[in-house]
Amino acid sequence: MSQICEKVKGMSLVDLKERLNDLKKKALAEITETEDLKKVNDLRVKLLGKKGPITEILRGMRDLSSEQRPQIGSFANTVRDDLTQAIAQRREKLEIIKTAKKLEKEKIDVTLPGAAVKAGQPHIIEQVISQIEKLFLGMGYQIVDGPEIEEDHYNFEMMNLPKDHPARDMQDTFYINDQILMRTQTSPVQARTMEKHDFSKGPLKMISPGKVYRRDTDDATHSHQFHQVEGLVIDKHVTMADLKGTLQAVAKTIFGESREIRLRPSYFPFTEPSVEVDVSCFKCDGKGCAVCKQSGWIEVLGAGMVHPNVLKMAGIDADVYGGFAFGLGPDRFAMLKYGVDDIREFYLNDMRFLTQFSQKG
Amino acid sequence: MKISTKWLSDYVKLDIPANELAEKIERTAVEVDDVSCLASGLKKIVVGYTQHVSAHPQSDHLHICKVDVGEDKPLQIICGAPNIAADKKVIVALPNSRIADNVKIKRGKLRGELSEGMICSLQEIGFSENVVPKEFADGIYFLPDDAVVGKPVFDYLGMNENIIDLDVTPNRADMLSMRGTAYELAAIYDKKLTLKHPKVVEEGDTVGHYVIPSADSKLASTYLMRVITGLKVKPSPMWLQKRLWNAGIRPTNNLVDVTNYILLDYGQPLHSFDYDKISGKNVEVRLAQSQEKIKTLDEKERVLRPTDIVIADEKGPIALAGTMGGLRTAVTDSTTTVVLESAVFNPSLVRKTARYHNLHSEASMRFERGINHATVEEALDAAAQLIAKLGDGKVAEGIAAATKEEVHSVSVSIGSKKINDVLGTKISAAEIKNIFERLDFKVDMNSADKFTVEIPPHRWDISIPADLIEEVARIYGYDNLPATLPKGELTPGLYTYKQKVIRATKRLLEETGLTQAISYGLTTHEKAGQFMMEPSAATELAFPMSSDRTTIRMNLISGLLDDVAYNTARKVKNVALYEQGRVFYREEENERPREVEHVAAALTGLYAAGSWQYPKQPVDFFLVKGIVQHLLDSLGVKHIQFKAATGHEEMHPGRTADIYAGDTFLGFLGEVHPNICKEYSIDRTYVFELDLQKVIDLPKEQEVYVSVSKYPEITRDVALAVSKEIENSAIVDFINENGGKHLVNIELFDVYEGEHIAHNKKSLAYKMTYQDQSRTLSDEEVTEEFERVMKKIETKFDAVIR
């Protein structure tokens, strides 16, 4: 630095330029060699500051002619700009190196386990019910809850199942006394809703999800407690084709877009015609496999057109109104969908069982 | 109902493979349980003739048999059956044959003697235990003498027949007979039906000479009897035995077999009495007297009720109508004269009797669901005729009728518009008419699309237009229905407020790390009444299945503790479960309980399991309290208070708090009493239970935005030494009340008990935050407010500022 800062009095234009060039060359070399950000900063102050060598050199301009002065002035500015830029570049480079070194030091083993996020999850039966609820809310249905401990009247008689009807054998019942029982289906909710519904305010479209109870011995495929979602639409012009379309939407929502359904005749006292509904097997796509017992179809729910007796008992004019009803078992849906082979798993609540399912729906 | 396609072909010619037929039945009529053929998978099983049988020298029960199987030389077969005998036609599984259950038979040695195959029992070639005639139940089967040696046995035994097992729904009892099924298939395939009708040859005395029945038509709308005399009881011919066992019924003798055969053919249950054992001529169909007794065929003495219909002679009941005959008048091997009954009994009374006496049978099931009233007499004739033929007897002249109802067809009117409106189809009137006619219904077309349809008695399930719509739908084919969505007026699909709160509760608890459990609602009497939040009578099942499930729950925690126990027993130590569901409170005077939505949780072990980097976090009271606080805050519950509670029998007396919103009791939380943990075999467990309905019922406050102050907060920290007995909440409440208008928050940040403080004291450290909405507070005014409340605290709580 000392050579550069020598006094430069009485210099010619050429001399001055040479000195400036010389200064620039040496300064650039020095900048490039600097490995320290702080030193780069010091250099900037020294080289470009008010008391720096360029200013010093320019003082030698006094011997120059007025034509030459601007020339050397502009040359000096170029040198100053070059040095400024060189310093900036050097600083930037050193910053990059510094950051890189820092990051290098901060390196971690990304394969170490992440922190366990503490979050619980819904039961898979809840998930199935929730998907069904959302589907039907979207189609303008209301969701109606009702008592789990019911009157025989609503559970059976209003469903066209008088006492001593042979079809009562289809549902073994936990009675509390002669008149009171654990509901065997969620259809009593429909009976109660039908009784109350004001048809001048529009059609009745409802689903009733909930727990039901049957007098069954628990084993892999039977549970004395399980769930049902029953649906009901009553309006002036509701057709069995509407039922088919609605159930198709259910099958696609739960089991996948490419599923098809088929209806088979069946019997429920509260509907006529009554049908069992099969969905094309989601495991084999209908080709036949163990899940569908080689048939390509899996029985998933029961449905039908509401029996006129059921309408009449609820005080609805069966000549004007009609509708469809269906009932499905979220337990069975969940068993099929997830391949659960023992229904008791749903009610024993092993943490390892409950937490193994995704929540993507 | 097991349908043999061979038998079916007597009535309707189909020539359709059994599997295809089954599929069609399933898609059009009733469910099919199974399609089977006994012979399938079996091979090289032939008729053999036992030329010579001698004892095996090395065995006390084996025999060496020389069996002619139609080859050059007889085979030597070792046989262990107790009934093995010479000069019999037997079932022989040849070397390299395959018998039931895919078992292969090979040539081999048995105790040193060569055995070239196996002489088989019916069970060994696939017959069910239930259908094997009793005399062959424990041994090999003897084929009829005309069986040709060396020929496969399958045809002789009816094993080549395809059997379609129908799962007949209660409404289609018409298909509980061969003839009913034939009607159905003729309709499905649009084929002609050829039913044979019996002609009875009558000889000898009139029936009135033997029996004079009487009946109340309310009990038996038709009650008919015939008498067959001069009978010999013996095994039925093969054709009949085959039909029975292929239908799943065990052949017994010619008398019993014929009644079973007619039951299958017509669906008409019959009963035969041994004439010689009936006292007197008069037989009455009546209701039982209270405490009257009968010993039924199963040799059980039954005490009857006045709802049981009985057939009685002079001495008392001789049969329980429609369910089971009496032992006293049962036919035996020595019976020579039979009184045969064919009737229609009151379905609901038969059902009651069958249920009460647990006597569900093929007969009772048919009476309950209905039978064809038009063929009661024809079935009687067919049975009488066949019994006489197979037993070398004679049918007495005439039918003794106690009651006999007139049977008419039923008319139902319907229009094709109605049918199409319900189905969403465009089926033409002509096509509908054709469907009805295929079903053997007579159709009168009143106008272009109005029909009067006459339903024959064999379809007694049809009586209203909806029944006809179903017939059209299924024959037309459900596959042909379009798939649409209901059109009608639009309705909003919305959750109710209650449903929203319940669903939000579940999601909020899941966020806090709790997983949803669904436990059993029915539990023991004891567990149902634990952890209760209000007094309630128990609601119990009248006839529980097991002592574990007798009572409906009045709390959720006990179910969750069962879940914790289940996990603990399976070495899952860390459990964090919640359950949302109903508890059932009942006032003594009510039959039905109130159903109240609750939510509860149970946690044990570690909340955070810890890892290489993060510490373990065991479950404790304050974690659970934090979860409850989070839940209630998020549900917008205001004025939440936790108060020390000692009144919960099943809870730790020093670690339980009642939860309030203002004055409303919402529930409780805390540690389960160690004695209860012991009963459940679980480790230290923390729980809470809330009455969610009360949360839902809290007044809904409109939430209003509060602007966030732009001015800085000033804080003051203070540690107070107070008596251990003083509760944090008392201090916090007091400071909140007296802290001055700028105090916006008070937060406990440390609790200390130990050597640096007197043993009966504790130190509580609080951070108090001051702020104003409209200006920056000065240090002085904060200090003034702070010191004012500290002075009050010192006197109020005898606190020392540390």
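Averaging over all projection directions, the Cα-based convex hull of chain B occupies 56.0 nm² in the image plane.
Listed by chain and number, the lysines whose alpha-carbon sits under 23 Å from that of B:Lys710, ignoring those within fewer than 8 places in the same chain, are B:Lys741, B:Lys767.
How much space per residue, in cubic angstrom, does the convex hull of the C-alpha atoms of the protein assembly as shown take up?
Details: hull volume 412.6 nm³, N = 1163.
Convex hull volume per residue, Cα atoms: 355 Å³.
Per Stokes-Einstein, at 25 °C and 0.890 mPa s, what whole-number D in µm² s⁻¹ belongs to region B:202-403, with the Kirkwood radius over Cα pairs as the hydrodynamic radius? Approximately 148 µm²/s, per Stokes-Einstein.
Given the Cα-Cα distance of B:Ser413 and B:Thr332 and 0.36 nm per residue of separation, how much length would full extension add, in nm? List each step's numbers first, then the result.
Numbers: separation 81, 0.36 × 81 = 29.16 nm, distance 5.15 nm.
Full extension from B:Ser413 to B:Thr332 adds 24.0 nm.
Per residue, how large is the accessible surface of the protein assembly as shown? Use a 1.4 angstrom probe and give square angstrom.
Working: 53220 Å² over 1163 residues.
Accessible surface, normalised per residue, equals 46 Å².
Would you mind checking the pairs A:Lys293/B:Lys500; A:Lys244/B:Lys24; B:Lys134/B:Lys394; B:Lys616/B:Lys796 and listing those with alpha carbons more than 31 angstrom apart? Result: A:Lys293/B:Lys500; B:Lys616/B:Lys796 exceed 31 Å. Available extension along the chain between B:Asp190 and B:Thr769 is 199.5 nm, counting 0.36 nm per residue and deducting the alpha carbon span. With Cα atoms as the point set, the radius of gyration and Dmax of region B:519-633 evaluate to 16.8, 60 Å. Between B:Gln617 and B:Asn434, the modelled label-to-label distance comes to 7.3 nm, taking each label 7 Å out from Cα in the direction of the beta carbon. Derived scalar couplings between HN and Hα for region B:737-746 equal 6, 10, x, x, 6, 9, 6, 9, 7, 9 Hz in order, rounded to whole Hz, by the Karplus curve 6.51 cos²θ - 1.76 cosθ + 1.60 (θ = phi - 60°), x for Gly and Pro. Remark on region B:239-281: Rg and Dmax equal 12.3, 39 Å (Cα only).
Please quote Rg/Rh for region B:161-303 to two decimal places, taking the Kirkwood radius as Rh and restricting both calculations to Cα atoms. Write out the running numbers ahead of the final one.
Details: Rg = 18.5 Å, Rh = 18.5 Å.
Using only Cα positions, Rg/Rh for region B:161-303 is 1.00.
Working note: Karplus 6.51/-1.76/1.60 with θ = phi - 60° gives region B:721-736 the couplings 8, 9, 4, 4, 6, 6, 8, 3, 4, 5, 5, 4, 4, 5, 5, 4 Hz, where Gly and Pro are set to x. In a fully extended conformation the segment linking A:Lys236 and A:Asp219 would gain 1.8 nm over its present Cα-Cα distance, using 0.36 nm per residue.
Per the Debye formula on identical point scatterers at the alpha carbon atoms of chain A, with no solvent, log10 I(q)/I(0) at q = 0.08, 0.09, 0.11, 0.14 Å⁻¹ is -0.54, -0.61, -0.82, -1.12. Taking every Cα-Cα distance in region B:714-801 and sorting them into 5 Å bins from zero, the calculated P(r) comes out as 3, 14, 26, 24, 15, 9, 5, 2, 1, 0 percent.
Residues whose amide H falls under 5 Å from that of B:Ala330, counting only those 5 or more places apart or on a different chain, are B:Asp274, with hydrogens built in the peptide plane. Between B and A, roughly 7500 Å² of accessible area is buried in total, ligands, DNA and RNA not counted and the probe set to 1.4 Å.
Rounded to the nearest 5, the antiparallel percentage of DSSP beta bridges internal to chain B is 95%. Taken over region B:43-157, the alpha-carbon convex hull comes to 98 cubic angstrom per residue.
With r as the distance between the Cβ atoms of B:Val148 and B:Lys300 and R0 = 41 Å, compute the FRET efficiency 1/(1 + (r/R0)^6) and round to 0.05.
Numbers: r = 46 Å, r/R0 = 1.11.
Between B:Lys300 and B:Val148 the formula returns 0.35.
A straight line joining the Cα centroids of region B:267-311 and region A:235-265 runs 52 Å. Computing FRET efficiency as 1/(1 + (r/R0)^6) for B:Lys6 and B:Lys573, where r is the C-beta to C-beta distance and R0 is 56 Å, gives about 0.30.
Classify region B:136-226 as rounded, prolate or oblate from the Cα gyration tensor: take a ≥ b ≥ c as the square roots of its eigenvalues, call it rounded if a/c is under 1.5, otherwise prolate when a/b beats b/c and oblate if not. Judged from the Cα gyration tensor, region B:136-226 comes out oblate (a/c at least 1.5, b/c at or above a/b).
With all projection directions averaged, the alpha carbon convex hull of region B:497-697 covers 12.1 nm². Taking Rh as the Kirkwood radius, which is the inverse of the mean 1/r over Cα pairs, what is the Rg/Rh value for region B:617-745? Rounded to two decimals, Rg/Rh equals 1.03. The Cα-based radius of gyration of region B:410-480, divided by its Kirkwood radius, gives an Rg/Rh of 0.92. Taken one residue at a time, the phi angles of region B:92-98 give Karplus couplings (6.51, -1.76, 1.60, θ = phi - 60°) of 10, 8, 6, x, 6, 8, 10 Hz. Gly and Pro are set to x. Nearest 5 percent is fine: what portion of the DSSP beta bridges confined to the protein assembly as shown is antiparallel? So the antiparallel bridges amount to about 95 percent of the total.
The values are calculated or read from the model by the stated rules, or taken from the named source; none is laboratory data. These numbers come from a predicted model, not from an experiment. Note: ideal-geometry Cβ built from the backbone for every residue, glycine included; neighbour counts use all protein chains shown. Surface areas here come from the heavy atoms of the whole protein model, side chains and all, with no ligands, DNA or RNA. Shrake-Rupley method; radii C 1.70, N 1.55, O 1.52, S 1.80 Å.
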